[in-house]
Amino acid sequence: LSAPSVFVVSLNGRSTQADVTELADGGLLILLDGHCVVAYCREEPTGLRLTLNGQTCLFPKEYDPATLLSSVSGKLVRYLVNEGDHVDKGTPYAEMEVMKMHLSMT
């Protein structure tokens, strides 16, 4: 553990002090208003992954329905629809190869 850094967090007209200590594994121990939180943050291809006390939330970099995005790395094998076709939510529109397996993108 390193020495804590002190921040003032202001939200909705209220301010409180946050003591933040970096953990040996790269996480952060945050003492905020008498509560301890263990936080991990990681940049991924699809956005920012934030884990607080074991609960994970992904903040996407951008949302563009015309862009193909996947949470895993792989190779685009083929499109399953023609360009300009309407695709309903949950309908596979492309196939990608990940570790020799073919996955449908929906």
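The values are calculated or read from the model by the stated rules, or taken from the named source; none is laboratory data. Note that the coordinates shown come from a computational prediction; the quantities given were computed from them, not determined experimentally. Positions of Cβ are generated from backbone atoms using ideal geometry, with glycine treated the same way; all protein chains shown enter the neighbour counts.
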Residue check for CYS57: loosely packed, with under 12 Cβ neighbours inside 10 Å, under 21 Å from the mean Cα position of the chain (by Cα) and among the hydrophobic types (A, V, I, L, M, F, W, C): yes
Set THR51, THR46, THR67: member being at pLDDT below 90, of a type in the set (S, T, N, Q), under 21 Å from the mean Cα position of the chain (by Cα) and surrounded by 10 or more Cβ atoms within 10 Å (Cβ to Cβ): THR46
Residue under evaluation ALA24, criteria (1) part of a strand (DSSP E or B); (2) at pLDDT 90 or above, criterion not met: (1)
Count - residues of the range 1-21 that are at pLDDT 90 or above, surrounded by fewer than 10 Cβ atoms within 10 Å (Cβ to Cβ) and under 24 Å from the mean Cα position of the chain (by Cα): 0
Subset tally (residues that are of a type in the set (Val, Ile, Thr), under 22 Å from the mean Cα position of the chain (by Cα) and surrounded by 13 or more Cβ atoms within 10 Å (Cβ to Cβ)) for the range 70-97: 0
Per-region count, the range 27-43, residues surrounded by 14 or more Cβ atoms within 10 Å (Cβ to Cβ) and either part of a loop (DSSP other than H, G, I, E, B) or of a type in the set (D, E, K, R) (or both): 1
